[in-house]
Ligand code: A2P
């Protein structure tokens, strides 16, 4: 049986599956989806300012009367808010939208890259100093980054005092980002998997369908379980009650070593197509 939590470098524990909210429409859809997730046993919600639905997530958390100390809430700093002062202000806005006193995890959403910023290294370091400050004040329990590749992490680690504890990257069959993952393993950085269903693109794959069939599960469940067995924290997103329930019901089967190896060996067959070094947003 897999562990239900994973320990971060600072000892703080993160639940091993999170509920994704990217592309979840703001308003009643987001409120209902988060309430459904809480009802089904998710205690870890993955948010971001740019998703445009944090107020709705906050409303769902408030109305569900969940015990805050049992929840794990993540948010991310959007790209337009980089730099020390803007980061502090953006953090306050997110906290207020979510109606929370603290965040469990705050991430730099994307690295500033060379393509857009000649001073990208300094900019990332300056943003990170604000993260360190908020962390030291206890307003964030753990700090990390998202979409950082090995070279972005190397630079930040050289420049910082407190190392990132998490890197949240795109991760699904056919797209395992080995170089980044290997660097994270060696540096005690836990990897979270965004788009574990390839934002839906995994679901029609014949190989995955066949393997899922052997276990009597859906391809979505197979992908979530596959992430867990690869020591990644999957963040499946859905607004559909039946799917939300299904995506956390993954502790009743185990993928064999042979099937893990077969899925790990799959070639790229679709994903977001985003490259952090090429991003112009
Ligand atoms: P929906 O939200 O309409 O239910 P990812 O987590 O990789 O970003 O994938 C999210 C996409 O996969 C969404 O389009 C979501 O649709 C769909 N999805 C999520 N869970 C399932 C599931 N169990 N079965 C089929 N589709 C799913």
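Each value in this text was obtained by applying a stated rule to the coordinates, not by laboratory testing. Treat the numbers as computed from the prediction; the structure is a model and nothing was measured. Quick reminder, even Gly has a Cβ in these numbers, built from the backbone with ideal geometry, and neighbours come from all protein chains shown.
Tabulated results
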{"quantity": "Among (1) in contact with a helix residue (DSSP H, G or I) (Cβ under 7 Å, 6 or more places away or on another chain); (2) touching a residue at least 60 places away in the same chain (Cβ under 8 Å); (3) under 27 Å from residue 146 (Cα atoms), the one test that residue 237 misses", "calculated": "(1)"}
{"quantity": "Selection within segment 177-236 - more than 14 Å from the ligand (Cβ to nearest atom) and in a strand (DSSP E or B)", "calculated": "190, 191"}
{"quantity": "Whichever residue in segment 1-26 is farther than 18 Å from residue 193 by Cβ and within 15 Å of the ligand (Cβ to nearest atom) and, among such residues, is surrounded by the most Cβ atoms within 10 Å (Cβ to Cβ)", "calculated": "26"}
{"quantity": "Filter result (touching a residue at least 40 places away in the same chain (Cβ under 8 Å) and away from the ligand (no atom under 15 Å from the Cβ)) within segment 246-262", "calculated": "251, 255, 259, 262"}
{"quantity": "Selection count where residues are touching a helix residue (DSSP H, G or I) at 6+ places or on another chain (Cβ under 8 Å), more than 30 Å from residue 116 (Cα to Cα) and not in a helix (DSSP H, G or I), scope segment 255-270", "calculated": "2"}
{"quantity": "Test for residue 243: is it more than 10 Å from the ligand (Cβ to nearest atom), within 25 Å of residue 39 (Cβ to Cβ) and either outside any loop (DSSP other than H, G, I, E, B) or within 13 Å of the chain's Cα centre (by Cα) (or both)", "calculated": "no"}
{"quantity": "Given (1) within 14 Å of the ligand (Cβ to nearest atom); (2) over 19 Å from the mean Cα position of the chain (by Cα), number of the condition residue 68 does not satisfy", "calculated": "(1)"}
{"quantity": "Candidate set from segment 75-101 (those that are in contact with a strand residue (DSSP E or B) (Cβ under 8 Å, 6 or more places away or on another chain) and within 19 Å of residue 35 (Cβ to Cβ)); member that is surrounded by the most Cβ atoms within 10 Å (Cβ to Cβ)", "calculated": "75"}
{"quantity": "Answer from 252, 273 - the residue that is exposed (fewer than 15 other Cβ atoms within 10 Å of the Cβ), under 20 Å from the mean Cα position of the chain (by Cα) and in a loop (DSSP other than H, G, I, E, B)", "calculated": "273"}
{"quantity": "Residue count for segment 221-240, restricted to those that are over 16 Å from the mean Cα position of the chain (by Cα) and closer than 23 Å to residue 166 by Cβ", "calculated": "1"}
{"quantity": "Residue match in segment 62-74 (condition: in contact with a helix residue (DSSP H, G or I) (Cβ under 6 Å, 6 or more places away or on another chain) and buried (at least 23 other Cβ atoms within 10 Å of the Cβ))", "calculated": "no"}
{"quantity": "Residue tally, condition buried (at least 17 other Cβ atoms within 10 Å of the Cβ) and without any contact (Cβ under 8 Å) to a residue 24 or more places away in the chain, over segment 118-158", "calculated": "1"}
{"quantity": "Filter pass, residue 53 being crowded, with 23+ Cβ neighbours inside 10 Å and more than 20 Å from residue 225 (Cα to Cα)", "calculated": "yes"}
